[in-house]
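What follows is a set of notes on a single structure, which appears directly below.
The values are calculated or read from the model by the stated rules, or taken from the named source; none is laboratory data. None of these values were measured; they are calculated from a predicted model. We place every Cβ from the backbone using ideal geometry, glycine too, and count neighbours over all the protein chains shown. Protein only, heavy atoms only, side chains kept; ligands, DNA and RNA dropped before computing areas. Shrake-Rupley method; radii C 1.70, N 1.55, O 1.52, S 1.80 Å.
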Amino acid sequence: MNSKQIFAVALGLQSPWEIKDIRIEETADNIIEFHIDIKFKRGSKFKLPDGSEGSAYDTIKRTWRHLNLFEHTTYLHCSVPRVKDKSGKVKQVEVPWARKDSGFTLLFESFAMALIEREMPVNKVAELLRVYPKRIWTIFNYWISIAYSEDEQQGVTNIGIDETSSKKGHNYVTIASDLDERRVLFATEGKNKETIKELREHLISKGVLPEEIENISIDMSPAFISGIMEEFPKSSIVFDKFHIVKLLNEAMDEVRKKERREHEIL
C-alpha cells in the first residue's frame, strides 16, 4: 500500500474519488502544511439531490481545511464536478468529506463541536485549531440550528424554570427544562416575566399548547409568578424544594437569634 492509498483510507475516500497528489509546503513563517489533492475518475457518473445523474459538465476548484496531520495544518483540494439537473441547470456535486458551502471537512467540524461540547470556550477551540474564532462560531451556529429545528418537544407536561448568571455582573439567562426527560427545552436572556412569554411562544412553535403544561416548578421570583399566571393560567405553580428549605432555614435562624437574645441561658 503506497502513501496515496494510505491517505485515501484515512480520509475514507471511495470510488470515484481518489488521491491525486500529496504536497508538503513550507510557508514564509516556516510553518509546514500538508496539501492533499483529490480527483475523480474520468467518465464517472454523479447524482444530484433531485435524482439527476450524469457526467461532469465542468468543475470548480474548492479547498477545505482538514484536521491537522502530524500536528501540521492540512488542506484538501479538489476540482468538484458540476452536473446538469433535470431542468437543465448546472449544479455542483456534493462531496462526501464536507457539507455544502463549508470551508471545512466534516471531520474538522465534528472535532470542533466535540471540544465545545466538553465546555471548551470557542476562543480556545479556535486557538487550538489555528483558525479565527468567527469561523468556529459559524460551524457552531450551523449545527446548533440543525439540532434546534429537529428537536421534538411534543408531550411535555412538567417544566422547571430557573435563572443563572451567564457571566460576571448582572447578566442572566432564564432556562426552561423538561422535568421528566431532564433536558433543556429553551433558554433566553434576562430573568423577567417577558422570558415566560418567550417560553410560551417557543413551545407553541414546537407544537406544545400552553394548556398542555400541567406543572411549572420555579423559585419564588415575583416576575416568574406573574408571567406564569398570565401566559400559563391553567398550569399549577410548584415552588422548588431548595428555595422552600432555604426560607425555612432562614426563618429558623431568625427564631434562634430572637430566643438567644431573650433567654440568656441559651
Among beta bridges assigned by DSSP with both residues in the chain, the antiparallel ones amount in percent, to the nearest 5, to 75
Filter the chymotrypsin sites (Phe, Trp or Tyr not before Pro) in segment 64-97 down to the DSSP loop ones having no more than 16 other Cβ atoms within 10 Å, then list what survives. F70
Filter the GluC sites (Glu not before Pro) in segment 21-85 to those in DSSP coil with at most 10 other Cβ atoms within 10 Å of their Cβ, and list the result. E71
In whole percent, what relative contact order does segment 11-136 give with Cα contacts below 8 Å and a gap of six or more residues? 17
Carbon and sulfur together cover what percent of the accessible area of the chain at a 1.4 Å probe radius? 53
Mind checking the dipole of segment 131-182: about its Cα centre, +1 per Lys or Arg Cβ, -1 per Asp or Glu Cβ, Debye to the nearest 20? 600
Centroid-to-centroid separation of segment 56-100 and segment 105-128 [C-alpha atoms, Å]: 23
Take the alpha carbon gyration tensor of the chain, find the square roots of its eigenvalues, order them as a ≥ b ≥ c, and report rounded if a/c is under 1.5; if not, report prolate when a/b exceeds b/c, else oblate. prolate
Antiparallel %, DSSP beta bridges [both residues in segment 160-266], to 5: 70
Quick check: net charge around S102, other residues with Cβ under 15 Å of its Cβ, Lys/Arg +1 and Asp/Glu -1? +3
Can you compute the charge dipole magnitude of segment 1-142 about its Cα centre, using +1 on each Lys and Arg Cβ and -1 on each Asp and Glu Cβ, nothing else charged? Give it in debye, rounded to the nearest 20. 700
Determine which lysines satisfy two conditions relative to K89: a Cα distance under 28 Å, and not lying fewer than 8 residues away in the same chain. K39, K41, K45, K47, K61, K100
Ignoring ligands, DNA and RNA, what accessible area per residue does the chain give at 1.4 Å, in Å²? 66
Calculate one ³J(HN,Hα) per residue across segment 123-133 by plugging θ = phi - 60° into the Karplus curve 6.51 cos²θ - 1.76 cosθ + 1.60, and present them in order as whole Hz with x for glycine and proline. 4, 6, 4, 4, 5, 5, 8, 6, 9, 6, x
Please give me the summed charge of the neighbours of L248: other residues whose Cβ is under 12 Å from its Cβ, Lys and Arg +1, Asp and Glu -1. -1
GluC sites (Glu not before Pro), restricted to segment 193-266: which are DSSP loop and have at most 15 other Cβ atoms within 10 Å? E214, E264
Listed residues L69, F104, M120: farthest to the positive end of the dipole of segment 56-125 (Cβ charges): F104
